[in-house]
1. Of all residues in the range 123-147, which are assigned to a loop (DSSP other than H, G, I, E, B) and of a type outside the set (A, V, I, L, M)?
2. Would you mind telling me which numbered condition in (1) assigned to a strand (DSSP E or B); (2) farther than 30 Å from residue 167 by Cβ residue 85 fails?
3. Name every residue in the range 6-45 that is in contact with a Lys or Arg (Cβ under 7 Å, 6 or more places away or on another chain) and either at pLDDT 50 or above or open to solvent by 50 Å² or more (accessible area, probe 1.4 Å) (or both), in order of residue number.
4. What is the one condition in (1) farther than 19 Å from residue 116 by Cβ; (2) at pLDDT 95 or above; (3) of a type in the set (D, E, K, R) that residue 236 does not satisfy?
5. Return the residues of the range 165-198 that are open to solvent by 40 Å² or more (accessible area, probe 1.4 Å), farther than 22 Å from residue 155 by Cα and assigned to a helix (DSSP H, G or I); say none if nothing qualifies.
6. Considering only the range 69-91, I want to know if a residue exists there that is within 28 Å of residue 271 (Cα to Cα), aliphatic (A, V, I, L, M), within 19 Å of the chain's Cα centre (by Cα) and crowded, with 16+ Cβ neighbours inside 10 Å.
7. I'd like to know if the range 229-240 contains one or more residues that are touching a residue at least 60 places away in the same chain (Cβ under 8 Å), out of contact with any Lys or Arg (no Cβ under 6 Å at 6 or more places or on another chain) and among the hydroxyl-bearing types (Ser, Thr, Tyr).
Amino acid sequence: MRRRVLLPGALAVMLATTPHLLAAPQQAGSAESKEIVCSLVWVGHEDAIEQFLRDAKVVKIEDVPIGVTKPQRATLEVGGPVASLAWKPIRPGYVKGYMESYKAEIAAYQLDRMLDLHMVPPVVERKIDGLTGAAVMWIENTRPWNREQPPRGPEPAWSLQLSRMKMFDLLIANIDRNQGNLTYDADWHLFLIDHSRAFTGKKNLKGMAPLGRVDRQLWEKMSALTLEALDAGLGRWMNTNQKKALLARRDQMAAVIAKMIAKRGEADVFYD
């Protein structure tokens with residue numbers, strides 16, 4: 001089956017709210033789908049996309065009828081690598097009992113880059129109408145998570161992505177992962193959005209989805225993180241307490257993984 005990848009010049013952004021996308025996804029290889037559109041188009045073009053997200057003229061801005069943080073969709077000038085963005089001017093502070101911040105959205109993307117995860121779309125800081133917030137690349141041709149019929153992509157790649165998501169969420173203390181901030185494309189790439197409640201001072205793993213299996217390559221990158229590396233990569237978006245809490249969670253993950261290996265053996269714990 002031929003796969004068509006949308007090049008950066010043809011990018012458009014949408015939050016996958018189109019009604020027909022709520023139907024059960026087609027399985028890979030379906031006779032109804034003549035071509036597979038890959039939405040993972042920013043890898044290798046991050047710098048250009050980040051610059052456009054910062055500087056592009058906003059043509060129109062409108063409310064998005066999903067999401068507890070009430071994002072907006074901003075349509076951008078024609079001719080750039082991105083057609084629109086999700087606009088989240090969330091001032092750091094507590095909202096309905098949760099710590100929220102637009103800076104956490106940027107930190108999640110920057111950490112994704114540090115870990116070579118390629119699951120969080122580009123996010124930058126910018127001003128629109130006098131407000132400072134997170135400008136998130138809006139991904140084209142994605143499908144929302146269906147709780148009644150969860151997507152099941154080709155194995156083992158699909159389960160590997162789910163494991164990477166859990167590892168990432170534990171590391172950043174993302175207590176808000178749900179079907180509203182999971183999306184995927186027809187080529188079975190899983191994308192992670194909405195991290196405004198992550199990167200708190202939480203130092204334990206309680207209340208978050210436990211690990212089942214572990215991606216060895218990703219874990220090696222997580223294991224190598226240091227306070228100095230976090231200062232260099234995330235210095236503007238996280239304070240020292242948040243960085244130390246992230247490393248404390250990483251160390252707790254290491255203890256959990258060690259117990260899993262002792263009980264089940266490395267071959268049953270790690271994806272290689």
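1. Applying the first criterion (assigned to a loop (DSSP other than H, G, I, E, B)) to the range 123-147 yields 129-130, 138-141, 145-147.
Within the range 123-147, 129, 130, 138, 140, 141, 145, 146, 147 qualify.
2. With (1) assigned to a strand (DSSP E or B); (2) farther than 30 Å from residue 167 by Cβ applied to residue 85, the lone miss is (2).
3. 35, 36, 37, 38
4. (2)
5. Of everything in the range 165-198, just one residue is open to solvent by 40 Å² or more (accessible area, probe 1.4 Å), farther than 22 Å from residue 155 by Cα and assigned to a helix (DSSP H, G or I), namely 180.
6. No.
7. Checked against the condition, which is being touching a residue at least 60 places away in the same chain (Cβ under 8 Å), out of contact with any Lys or Arg (no Cβ under 6 Å at 6 or more places or on another chain) and among the hydroxyl-bearing types (Ser, Thr, Tyr), the range 229-240 yields no hits at all.
The values are calculated or read from the model by the stated rules, or taken from the named source; none is laboratory data. No experiment lies behind these values; they were computed from the predicted model shown. Positions of Cβ are generated from backbone atoms using ideal geometry, with glycine treated the same way; all protein chains shown enter the neighbour counts. The area values use the complete protein model at the heavy-atom level, side chains included, leaving out ligands, DNA and RNA. Shrake-Rupley method; radii C 1.70, N 1.55, O 1.52, S 1.80 Å.
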